[in-house]
Every structure is written in C-alpha cells, then in structure tokens.
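Asker: Submitted below is the structure of interest, expressed as structure tokens.
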Amino acid sequence: MTEYLSELAQGLKPYVPGEQPSDRQYIKLNTNENPYGPSHQVKLAIEEEIGSLRLYPDPDCVALRDRVAAYYGVSRENVFVGNGSDEVLAFAFPAFFTSGTVLFPNITYSFYPVYSDLFKTKYMEIPLKEDFSIDPADYCGFGTAGEMPDDQADGMHEGRIRGILIPNPNAPTGKCLAPEAVEQIVKANRDKVVLIDEAYIDFGGVSAVGLTERYENLLVVMTLSKSRALAGLRVGFAIGGKKLIDGLNAVKNSFNSYTVDRLALAGAAAAIEDGRYFMQTRDMIIATRERVAAALCDIGFKVVPSQANFVFISHPTVRAQAIFEELRGMGILVRYFNKPLIDNYLRVTIGTDEEMDRFLSAVREIAALR
Ligand SMILES: Cc1ncc(COP(=O)(O)O)c(C=O)c1O
C-alpha cells in the first residue's frame, strides 16, 4: 500500500485536549476555562472591528503589543503575540531548542513532549519532588557549556542542553515557584533559553516578567485564555529580550504572516485595557478556589495547594478514574490523566460558586457511597 504520510507524520502522537462535548449540557470543569466570560469592553471592541474584516490584520500586531508592553512596563520590541500561547510555545521550539535537548518537569503540560517530537527536539524530564514541587537546584549545575552529564547521555537524550521549559504555576499540579527560585534557574543557565510558561500566573503567583530586563535568556509566555476569559479568541504572548523576540518573529514569518486575526487583536487589546473587570473576576475565582479546597479537605480529599484556577485532588479510597466517570454521568466534567504518578488524581477547574457547589455535592455523594 502506498504510504502518503511522511515518516515524521507517521510517528506523531498528537496532544489530546480536554473534551468539548455537545451531546448534553455539562458543568465544564475540565479545561481551565474562565467561568465568567470576557469583559463587556471586549464584546464592544470585537463588534466594532467586524466592519474591517475585509482587510488583513496587522501582521506585526503593533497596537496589541503596545498595550501589553504598557501593562507590563516593557517596550514593544520585547513583546511577541501569537494565536494562543500554544502557538507561541510551538514557535519557541524551532526558534531556540532544535538540535539540542530541552529540560522540563516529568509532570507538566502534556503539549511539551508533543512539540519536542514535532520539531525533533530531544527532551529530558526532570522529576518533581514527592510533594509535586519543583526543586530549582535540579535545573542548575549543568555547566556553562550545557553539556548533558555523562550518566544521563543516552541515545535518546544526548546533546547540548539548549533550553529549560517550566510552567509557573505548574500544570496540572497548580504549584508555584517563588520569583527567587525562577531567578536562580535563569541565572544558572545564561547560555540557555529559559522559558517560563505563565498561563496561570494571575491566580496567585508572581510573574517573572520583571526579570526579563536583566536576563536576556529569559522568555515569559502568557495567555489571555485563563484570567482574561478569552480561550475561544486564541491570543497569547511572550515577553523577553529583543534577541528572543526576533527569533520568534523569524519562525512566525516563515510560517504564516497573519496568525492573529482582527477580531482577536481588537478583543485582546480591550481585555488588557479593562483592568477592573480582570481583577474582579480573578479575585472571585481565587476566593472560590480557597473555599472549594477547604470543602474538599473536609470531604477527605488530598488537595495540592494551588496558585492556579484549578485544584489537583486525590481521594484516599475512591479511585480518581471512578470519580471522573461518575461525575461525567452526573453531567460534571473534570480532567483525568491516565498517566504514571498522577493516575489517581483529578484536575478540577474552578467554576462559578454555583457550579462548584454542585460539584461538591456530587463528590460528597460519591465519597459517601464507598
Ligand atoms: C501550562 C499551559 N500552557 C499553555 C496553555 C495554552 O493556552 P492557550 O493556547 O489557550 O493560550 C495551557 C492551556 O491549558 C496550559 O495549561
């Protein structure tokens, strides 16, 4: 039989996102979406932009980059905008990591190994500590040349270490590194690109953006999908030194000039502008998270302390997969990862108070039956 697919395509194991089912109405706590929806200003800005849709968007995203730059106190040349932070992360691989090895935690965002395979980048997974925290020392001490230590240089992983990729807070654990720990890693790896994926930083962590001025090897990636409630619009951005931003632009402009459309540019700029709505909804999510975490502990769950818009939980007697399936039957979707080390955990997105009360009654019922 003729094989039409390239060897690369034949070998790919694509990322599987959390489901977006349409068979019935669910309480959706499975993809870390924001329950409150975008600011009214976003809706107005998008409506206004519809009249210009016959025109291509600005390929350099200048107006949005200026808005992001002003918000974070950096310059336009330090900002790159992409079609969701997934795209920014994807561009980072050919821009910085190919022909070497990238390090990331063994429990983390499952897109990282997928990008590594797509862009033929080797990777080495660094184990989390038993409490799911990241030890910054594990990412230091690779030497100035970034050579792989001899005992770890096997056929799969050998090669110069070109980069480090860490989500902060980490997903799916929700655990956060202190800014000093991030700086320790960035400082110890000045000859490698250190990419901090801050998709969830607004829910309790301290951003590393302030370090980008001092460390030209640091790239901070953020998204408007979570704290700005724009998952459906697909906008993410990176902040870093000009050299790194130029690298991302070189890749993007060799792939597609217009990755971010007019509606997305307009809506994202309005979302950044509406600081009041952002803070209000973020604070509501944090308050709900703390309330839900305490209630889950009362029911008997182990709850990993979270600085994100989700909690990572495990029950001492009822298996996570069973809880996941029972909740699904009751119309509540959470995320279950059938993977080593975390196959008895569930990741539960923080929804509205009403949604979380329904979730809590459901798990109370499930736990009481065992
Ligand atoms: C750690 C992390 N990084 C990046 C993303 C991608 O976000 P988006 O492409 O919606 O900006 C996600 C999405 O869930 C995530 O969990």
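Asker: Of these, 74, 79, which one is more than 12 Å from residue 259 (Cβ to Cβ) and over 20 Å from the mean Cα position of the chain (by Cα)? Give the steps one after another, and end with the answer.
Answerer: Values: 79 fails: over 20 Å from the mean Cα position of the chain (by Cα).
Matching residue, one of 74, 79: 74.
Asker: Return yes when residue 102 is β-branched (Val, Ile, Thr), within 16 Å of the ligand (Cβ to nearest atom), touching a helix residue (DSSP H, G or I) at 6+ places or on another chain (Cβ under 8 Å) and within 15 Å of residue 263 (Cα to Cα) and no when it is not. Steps first, answer last, please.
Answerer: Details: β-branched (Val, Ile, Thr): yes; within 16 Å of the ligand (Cβ to nearest atom): yes; touching a helix residue (DSSP H, G or I) at 6+ places or on another chain (Cβ under 8 Å): yes; within 15 Å of residue 263 (Cα to Cα): no.
So residue 102 does not fit the description; no.
Asker: State whether the residues of segment 106-119 include one that is in contact with a Phe, Trp or Tyr (Cβ under 7 Å, 6 or more places away or on another chain), without any contact (Cβ under 8 Å) to a residue 60 or more places away in the chain and away from the ligand (no atom under 16 Å from the Cβ).
Answerer: Looking through segment 106-119, at least one residue is in contact with a Phe, Trp or Tyr (Cβ under 7 Å, 6 or more places away or on another chain), without any contact (Cβ under 8 Å) to a residue 60 or more places away in the chain and away from the ligand (no atom under 16 Å from the Cβ).
The rows are residues; the columns are (1) within 14 Å of the ligand (Cβ to nearest atom); (2) of a type in the set (Gly, Ala, Ser).
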{"site": "180", "(1), (2)": "no, no"}
{"site": "184", "(1), (2)": "no, no"}
{"site": "189", "(1), (2)": "no, no"}
{"site": "195", "(1), (2)": "yes, no"}
{"site": "201", "(1), (2)": "yes, no"}
{"site": "205", "(1), (2)": "yes, yes"}
{"site": "209", "(1), (2)": "no, no"}
{"site": "212", "(1), (2)": "no, no"}
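Asker: Please state which one of 224, 218 is crowded, with 17+ Cβ neighbours inside 10 Å, at pLDDT 95 or above and under 30 Å from residue 41 (Cβ atoms). Lay out the reasoning, then the answer.
Answerer: Numbers: 218 fails: under 30 Å from residue 41 (Cβ atoms).
Selected residue: 224, the only one of 224, 218 that is crowded, with 17+ Cβ neighbours inside 10 Å, at pLDDT 95 or above and under 30 Å from residue 41 (Cβ atoms).
Asker: With the requirement that a residue be closer than 23 Å to residue 283 by Cα and of a type in the set (S, T, N, Q), what does segment 212-237 give you?
Answerer: The answer is 223, 225, 227.
Asker: Could you tell me whether any residue of segment 226-239 is over 24 Å from residue 28 (Cα atoms) and either free of Cβ contacts under 8 Å to residues at least 12 places away in the same chain or more than 14 Å from the chain's Cα centre (by Cα) (or both)? Even if it seems obvious, please write down each step before you answer.
Answerer: Step one: of segment 226-239, the residues over 24 Å from residue 28 (Cα atoms) are 237-239.
Filter once more, keeping what is either free of Cβ contacts under 8 Å to residues at least 12 places away in the same chain or more than 14 Å from the chain's Cα centre (by Cα) (or both): 239.
Within segment 226-239, one or more residues are over 24 Å from residue 28 (Cα atoms) and either free of Cβ contacts under 8 Å to residues at least 12 places away in the same chain or more than 14 Å from the chain's Cα centre (by Cα) (or both).
Asker: When you check residue 95 against the structure, is it in contact (Cβ under 8 Å) with a residue 24 or more places away in the chain, away from the ligand (no atom under 16 Å from the Cβ) and crowded, with 18+ Cβ neighbours inside 10 Å, yes or no?
Answerer: On the way: in contact (Cβ under 8 Å) with a residue 24 or more places away in the chain: yes; away from the ligand (no atom under 16 Å from the Cβ): yes; crowded, with 18+ Cβ neighbours inside 10 Å: yes.
Yes: the conditions hold for residue 95.
Asker: Is it fair to say residue 90 is more than 14 Å from the ligand (Cβ to nearest atom) and either assigned to a helix (DSSP H, G or I) or modelled with pLDDT of 95 or more (or both)?
Answerer: Details: more than 14 Å from the ligand (Cβ to nearest atom): no; either assigned to a helix (DSSP H, G or I) or modelled with pLDDT of 95 or more (or both): yes.
Here the answer is no, as residue 90 does not meet what is asked.
The values are calculated or read from the model by the stated rules, or taken from the named source; none is laboratory data. Keep in mind that what you see is a predicted model, and the values were worked out from it rather than measured. All Cβ positions, even for glycine, are placed from backbone atoms using ideal geometry, and neighbour counts span all protein chains on display.
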